[in-house]
1. So, in region 111-139, how many residues would count as being closer than 19 Å to E343 by Cα and of a type in the set (V, I, T)?
2. Report, by residue number, each residue of region 89-123 that is open to solvent by 10 Å² or more (accessible area, probe 1.4 Å) and in a loop (DSSP other than H, G, I, E, B).
3. Show me the helices (runs of 4 or more DSSP H) entirely contained within region 1-78 in which 2 or more residues are under 32 Å from the mean Cα position of the chain (by Cα), modelled with pLDDT of 95 or more and surrounded by 11 or more Cβ atoms within 10 Å (Cβ to Cβ).
4. Is it fair to say F401 is of a type in the set (F, W, Y) and under 23 Å from the mean Cα position of the chain (by Cα)?
5. Would you say S135 is over 30 Å from D7 (Cα atoms) and away from the ligand (no atom under 16 Å from the Cβ)?
6. Please enumerate the residues belonging to region 439-475 that are part of a loop (DSSP other than H, G, I, E, B) and open to solvent by 40 Å² or more (accessible area, probe 1.4 Å).
7. Considering region 301-322 alone, what residues qualify as being open to solvent by 10 Å² or more (accessible area, probe 1.4 Å) and within 10 Å of the ligand (Cβ to nearest atom)?
8. Could you list all residues from region 225-266 that are under 27 Å from the mean Cα position of the chain (by Cα), assigned to a helix (DSSP H, G or I) and within 18 Å of A198 (Cα to Cα)?
Amino acid sequence: MNNTSTDLHIIAQKVLEVLSDYVSNSQTGEGKVLQQMPAGELAATLQLEKWIHGGGLNEDNVLDFLTSYLENTQHMHHPHYIGHQVATPHVASGIADFIHGVINNPMAIYEMGPAAAVIEKTVVNWMLQKAGWFSGSSITDFSYHQENGSGILTHGGSQANMTAMLAARAAAAPDAWDEGVPPDLVVLGSEVAHYSMARAISMIGLGTQALWPVRTTAHEVLLPDDLYQQYHSAVSQGKTIMAVVANACATSTGLYDPIDEMSQLCQEHGLWLHIDGAHGASALITDEHRHRLKGIKGARSMIWDAHKMLRTSALCAAVLFRDGDDLAKTFQQKGSYIFHDKEQPGFDLMPYAIECTKAGIGTKLFWVLAAEGEESLGQYVSGRYDATKRFHDLINAQPDFECPYEPESNILCFRYTADQADDDTQLRLRNQLVINGDFYITSAEVSGVRYLRLSVMNELTDEEHIVKLLDRVRELA
Ligand SMILES: *Cc1c(COP(=O)(O)O)cnc(C)c1O
């Protein structure tokens, strides 16, 4: 393969044909979702050493390689993929990935990709508008308004959470950037906050002990009474509360924290409320489910992964701020080779991002929106939420299965209950399902009890597939 546009054309056409077959075959629901070979055997099958040392991949052999590569993938388009909270990607997002890969415009400096930079700002404004944090005249209004929201796309929600915590730190301890972190900062968050929260808090210098866990119900919903108690004990110990963190929604159960009540407490006491909406903020684009985020008005920051429920491939995440000044104050450092004042028609995003080189990831969300329109994307989200409620009813109606709670999103825990099946049995069933490869689901421990767990991401997953899944679980049991 030479590096010419003719090669691009020939290879891309071949790759495209195989990829479209891959998608359509996966969508039929026949064949395995996942086949796992031991790592060493897989490396040999893919002939990795030969290719790396010798080169020679070209239009004649590319399909051999690609075919065996694709056989060893997780088939996200298969309706039996009901596993992690990762999007079954919209093909439009794949096209955006391809275009980026060919042109490579890391657009955190405007000059390095004006079109992708403008698209990022516009999709961020669209997200802010859905959050109710946008006061511009239209989503392509890029001018500064007081009390207007702001945000940035990041390579993942974990980095988005860290950016939000840095912003909260800049507000609580503005000197920390230069002088280090004062010892009295604490963060109050759900005891089942996503692990990226504890990491973020440690990485920004507070130490994980600064994360004070707030108790939750047996199904992982934060208890406001305990939040009050933690608040009072932090105040009485002379602590500075840097942030309060709400889950929207909890990772294992998919249930939302009582954001409205948390928001009231935070407003009364002038506290920074951060919403971890990596998965569940997408409810904001639906009419039926946006009430789950009631109280968002009183939050000061939120993260939102497009690569979970907005159908983009990994990665495309946003960190949003109700008041754009909070983002402006997050990174206080100057790097003269980039941050010099220059005459230019656009904006540099680099001063507001952890990344230096940053991909034009906003194009993925843009392409999905441009293909579907926002209403249809909203219907996708509510469609998956509603389907999960139906699956709950179906599973609960079986004598040998139970669901511990009514789902509020597209995440659902359930248990096989025949013959007093214990926690180990649930784990064994999950492992056997995955080894078998006909279905891909996960499992979760909630308040010490082991469950089988579904994330209903795929549009094609319906009752018929759930019935088959239950039958397969029975067979394996
Ligand atoms: C997925 C998730 C994250 C982490 O986001 P990544 O994009 O995987 O880094 C954080 N919080 C919650 C609640 C999540 O569901």
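1. Matching residues across region 111-139 total 1.
2. P89, H90, N104, N105, P106, I109
3. On the way: elements: 5-28, 39-45, 48-54, 62-71.
Of the helices (runs of 4 or more DSSP H) lying wholly inside region 1-78, those with at least 2 residues that are under 32 Å from the mean Cα position of the chain (by Cα), modelled with pLDDT of 95 or more and surrounded by 11 or more Cβ atoms within 10 Å (Cβ to Cβ) span 5-28, 39-45, 62-71.
4. Numbers: of a type in the set (F, W, Y): yes; under 23 Å from the mean Cα position of the chain (by Cα): no.
In short, no.
5. Numbers: over 30 Å from D7 (Cα atoms): yes; away from the ligand (no atom under 16 Å from the Cβ): yes.
For S135, the condition - over 30 Å from D7 (Cα atoms) and away from the ligand (no atom under 16 Å from the Cβ) - is met.
6. To start, the set of residues in region 439-475 that are part of a loop (DSSP other than H, G, I, E, B) comprises 439, 441, 447-448, 456-462.
Answer for region 439-475, where residues must be part of a loop (DSSP other than H, G, I, E, B) and open to solvent by 40 Å² or more (accessible area, probe 1.4 Å): S447, G448, E459, L460, D462.
7. Our first condition is that a residue be open to solvent by 10 Å² or more (accessible area, probe 1.4 Å); within region 301-322, this holds for 307-308, 311, 313-315, 322.
Matches in region 301-322: H307, K308, A314, L315.
8. The answer is L227, and nothing else.
The values are calculated or read from the model by the stated rules, or taken from the named source; none is laboratory data. Everything numeric here is computed off the predicted structure, so don't read it as measured data. Note that we place each Cβ from the backbone using ideal geometry, even for glycine, and neighbour counts take in every protein chain shown. We work out accessible area using only protein heavy atoms, side chains counted, and drop any ligands, DNA or RNA first. Shrake-Rupley method; radii C 1.70, N 1.55, O 1.52, S 1.80 Å.
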